[in-house]
Amino acid sequence: MTLVSQPDISTPPKNVISYKFRDLTIEELKDVSKTYPNFTFSMNTYTFKDGSQKDLLNFSGTVPVKYGNSYNIPIRLWILDSHPFAPPICFLKPTANMGIAVGKHVDARGRIYLPYLQNWSHPKSTLIGLIKEMIAKFEEELPLYSLSSSDAARQSELLSYIAKITEGETDMKSRSKTGGRNEGCFNKITVVGAGDLGIACVLAVAAKDIADKVVLLDLSEGAAKGGTMDLEIFAVPNVEISKDFSASADSKVVVLTVNSLGNAQTYLDVIQSNVDLFRGIIPAVSHYSQNAVLLVASHPVEVMTFVSWKLSSFPKSRVIGVGANLDSERFRYILTNLLKEEVLAKDAWVIGEQGEDKVPSWTSCNVAANQTEAMAAHNSREKVANRVMEVLKGKGQRSWSVGLSVADLADSILKDKRKVHSVSTLAKGCCNINSEVFLSLPCILGTSGVIELVRLEEDPLVQEKLQSSAGSIHDLQQQLKL
């Protein structure tokens, strides 16, 4: 078996170098070649749902299926550049005299959907395993049937259109005539993780009527449980529950709430388990929603936002963590409503890292007549801030409160409000921080994520604390295996 340009599979085309995990991909393709020698491999342009295009490895051939008689079912698999951490895109490849039998695992375009794809997880999932399940499902429900000569002519037109869709020649005029809502104006949010936090985010977004559609990606094994089952029972409007990453396609915001529940012994082990979990999630959601803003709520939020940024290859502006948004809103509420310090509350923020090391700060201050007055104002403000921080220590961050904070951030992003929030963003270059770490800083948010950092007043103590947090986070990140 060789590629179209006839080199050996061990020396793939130049384009394959762009694959993030090239060696793993090539080794797996060798296994496919040995098991199914009829497959042919090539590099072609694939067009995604949003119209973007990418050169991808793909292979096609037939798989043997027994359904009374024996049949050779033609298929084509497209290998994403994040393989093996994201599943391939699978299609039937019928000839002109074959019709597509739309069913549980095949749609009208010939796109193949299988449980194996929905639950894809490296290294457990492989191309060989996928093809074996494909054969098994096809033997339960044959995906193709023979056409009469008149039907074959119509099928030929359909196959031509499908080829355009999957090989980089999408008929945009045809797409524009399909009617319905303009995708550019359709606000869709995907929440990854169906634990308490994920469900809280879904309910908060639904309650505030922020999005036209909310997808809850339930990555747990088995049937729906607990809150997920309740969401299905009571049919919350505009909420879809799925185990298939493709359901997240074209999301404007992807919220990450998953946390590993493994038996890790140390704090580093716990974080590494989360990193391993994200390695199977981020490339997939990034692929299906290439223009989304990633909003990270998983713990520790600063580290997992950094991990999401690295694994997605998104610009830094489109990867943010929930950070200290909740603490900042509480901080300002207490200043305004309990301490009646409305002037101070206007420019007050909680910044830095989540937990005990968070820091109160201000984005501006009134200009005092002289140094003595400035010092007095600073001391007075510091006393007030300390009182508020003591109150905040007794306030936990329960799932529902974080869910409301997530909905608040998603609202600012989707509606392009240009509102200031304290969120985890790349702090390199701020406060003399030279490492790639994410810390909560006041940021203006819009449809493209972070539009601008709001300048903090200069305070040596605040800068020292931020630098200390950056140093400890960076040391922790250096110990992780991405």
Q. How many of the residues making up the stretch 126-141 are out of contact with any Asp or Glu (no Cβ under 9 Å at 6 or more places or on another chain) and surrounded by fewer than 17 Cβ atoms within 10 Å (Cβ to Cβ)?
A. 8
Q) Which of the residues spanning the stretch 66-82 are out of contact with any His (no Cβ under 9 Å at 6 or more places or on another chain) and either more than 30 Å from residue 24 (Cα to Cα) or not hydrophobic (A, V, I, L, M, F, W, C) (or both)? A) 66, 67, 68, 69, 70, 71, 72, 74, 76
Q | Selection from the stretch 84-115 of residues that are out of contact with any strand residue (DSSP E or B) (no Cβ under 9 Å at 6 or more places or on another chain) and under 24 Å from residue 129 (Cβ atoms) | A | 84, 85, 86, 87, 103, 104, 115
(Q) Being open to solvent by less than 30 Å² (accessible area, probe 1.4 Å) and modelled with pLDDT of 80 or more: is that true of residue 16 here? (A) no
**Q.** Close pairs (8 angstrom Cβ cut-off, 6 or more residues apart or separate chains): farther than 17 Å from residue 245 by Cα and among the polar types (S, T, N, Q) in the stretch 76-96, in a strand (DSSP E or B) and open to solvent by 10 Å² or more (accessible area, probe 1.4 Å) anywhere
**A.** 95/74
Q.
If I go through the stretch 32-81 residue by residue, how many of them are part of a helix (DSSP H, G or I) and open to solvent by 70 Å² or more (accessible area, probe 1.4 Å)?
A. 2
Q) Is it the case that the stretch 332-351 has a residue that's buried (at least 21 other Cβ atoms within 10 Å of the Cβ), within 19 Å of residue 82 (Cα to Cα) and in contact (Cβ under 8 Å) with a residue 60 or more places away in the chain? A) no
Q: Mind listing whichever residues of the stretch 305-325 are farther than 14 Å from residue 285 by Cβ and assigned to a helix (DSSP H, G or I)?
A: 305, 306, 310, 316, 317, 325
Q. Taking residue 355 and the conditions (1) closer than 27 Å to residue 214 by Cα; (2) at pLDDT 70 or above; (3) among the small types (Gly, Ala, Ser); (4) in a loop (DSSP other than H, G, I, E, B), which numbered condition does it fall short on, given that it satisfies the others?
A. (1)
Q: Please name all residue pairs, on different chains or six or more residues apart, with Cβ atoms under 7 Å, provided the first residue is in the stretch 105-130 and is under 15 Å from residue 141 (Cα atoms) and the second residue is open to solvent by 50 Å² or more (accessible area, probe 1.4 Å) and of a type in the set (Asp, Glu).
A: 105/141
Q) Scanning for something of a type in the set (Gly, Ala, Ser), closer than 27 Å to residue 298 by Cα and modelled with pLDDT under 65, does the stretch 386-394 turn up at least one residue? A) yes
Q. Which residues, taken from the stretch 190-247, are of a type in the set (Phe, Trp, Tyr) and either surrounded by fewer than 20 Cβ atoms within 10 Å (Cβ to Cβ) or modelled with pLDDT of 90 or more (or both)?
A. 234
Q. Looking at this structure, is residue 407 open to solvent by less than 20 Å² (accessible area, probe 1.4 Å) and over 17 Å from residue 354 (Cβ atoms)?
A. yes
(Q) Here is a list: 480, 466. Which entry is in contact with a Gly (Cβ under 6 Å, 6 or more places away or on another chain) and either loosely packed, with under 15 Cβ neighbours inside 10 Å or outside any strand (DSSP E or B) (or both)? (A) 466
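The values are calculated or read from the model by the stated rules, or taken from the named source; none is laboratory data. Everything numeric in this text was worked out from a predicted model, so none of it was measured. All Cβ positions, glycine included, derive from the backbone under ideal geometry; neighbour counts span all protein chains shown. Please note that ligands, DNA and RNA were not included when accessible areas were found on the heavy atoms of the full protein model with its side chains. Shrake-Rupley method; radii C 1.70, N 1.55, O 1.52, S 1.80 Å.
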